[in-house]
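Enquirer: Pasting a structure here, questions to come.
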Amino acid sequence: MDGGGWGVTGPVRLFPRRVPSTVMTVWGTVGVSDAIFGVVDGEGHLETADWGATGLIVPMDAGAFIGTGIHIGRVRVGVDISTAEPSDDGIQEWDDVAEASLWAPTGELRVHALTYGTWEEPPDLPPLSQAGPGHYRVRVHVRGRDLHHDKVMYEPHEEYLMVAWPADPLPPLLLRATDRTGRGLRWSALLSPGPVPAPVHEPGPPSQAEDFTQAILDGVARAEEKPR
């Protein structure tokens with residue numbers, strides 16, 4: 001799953017910034033190609049996708065790649081618009097859960113496929129960046145990635161829930177790790193080091209960067225030791 005320049009192509013439909021306050025999670029489907037979909041604000045660029053930190057989400061300069069189990073097809077995605085940092089309640093209901101810090105320069109951080117055909121439109125989902133432009137912490141929950149690994153599946157069997165809230169940038173964090181897809185991505189990346197992905201818009205302090213590699217290794221070990 002190598003990254004590259006990513007600009008949303010094809011017809012683009014504008015959606016309201018907000019949905020009714022009584023609705024907390026909005027669900028839709030998104031296309032997957034090369035085992036990736038993502039969230040992007042404008043155009044995101046990433047030379048190489050390094051999955052070693054979480055095996056689920058890789059930050060770009062303005063968004064992130066999300067790693068899927070299927071190779072091509074569609075997955076179900078929910079966007080939580082609460083804008084508040086979530087608790088850990090219910091985390092056991094998901095296979096893998098991870099967080100990353102993303103930059104939304106225009107406040108239009110949205111779920112997108114890598115490309116769109118002439119007959120396709122972006123998913124009818126609200127933006128994750130409900131508070132407008134700025135830094136966000138995004139938590140991604142997933143289940144079902146191992147069901148049809150590396151297959152072509154246009155009927156969605158994988159489910160993703162995304163929660164975002166305004167927060168200063170921090171390193172990626174793996175909160176739960178049980179599926180084989182994520183484990184394979186993490187260990188492949190750690191055993192075969194390559195170019196690191198583009199950092200978030202404003203890197204953290206030097207001391208944070210110095211501890212980044214050890215934090216990844218410690219986080220992976222802790223997450224995979226948790227009861228399943």
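Readers should treat all values here as calculations from the given coordinates under stated rules, not as data from a laboratory. Keep in mind that what you see is a predicted model, and the values were worked out from it rather than measured. All Cβ positions, glycine included, derive from the backbone under ideal geometry; neighbour counts span all protein chains shown.
Enquirer: If we sort 125-131, 28-34, 85-91 on the protection proxy, mean other Cβ atoms within 10 Å, highest first, what's the order?
Expert: Result, highest mean Cβ count within 10 Å first: 125-131, 28-34, 85-91.
Enquirer: Let me ask something else. Report, in debye and to the nearest 20, how large the dipole of region 96-143 comes out about its Cα centre when Lys and Arg carry +1 and Asp and Glu carry -1 on their Cβ.
Expert: 220 debye
Enquirer: Around Gly73, under 10 Å between beta carbons, what's the net of Lys plus Arg minus Asp minus Glu among the other residues?
Expert: Every neighbour counted, the sum reads 0.
Enquirer: So, one more: What does the charge count around Glu43 come to, taking other residues whose C-beta lies under 12 Å from its C-beta (Lys +1, Arg +1, Asp -1, Glu -1)?
Expert: -3
Enquirer: Further question: Provide Tyr160, Tyr116 in ascending order of the number of other Cβ atoms located within 10 Å of each residue's Cβ, fewest first.
Expert: Least to most surrounded, the residues fall as Tyr116, Tyr160.
Enquirer: Another question about this same structure. Highest mean first, how do 56-66, 173-183, 94-104 rank when packing is the count of other Cβ atoms within 10 Å averaged over residues?
Expert: Put in order of decreasing packing, that is 56-66, 94-104, 173-183.
Enquirer: What is the sum of charges, Lys and Arg at +1 and Asp and Glu at -1, for the other residues whose Cβ falls under 9 Å from the Cβ of Val140?
Expert: Here the charged neighbours net out to -1.
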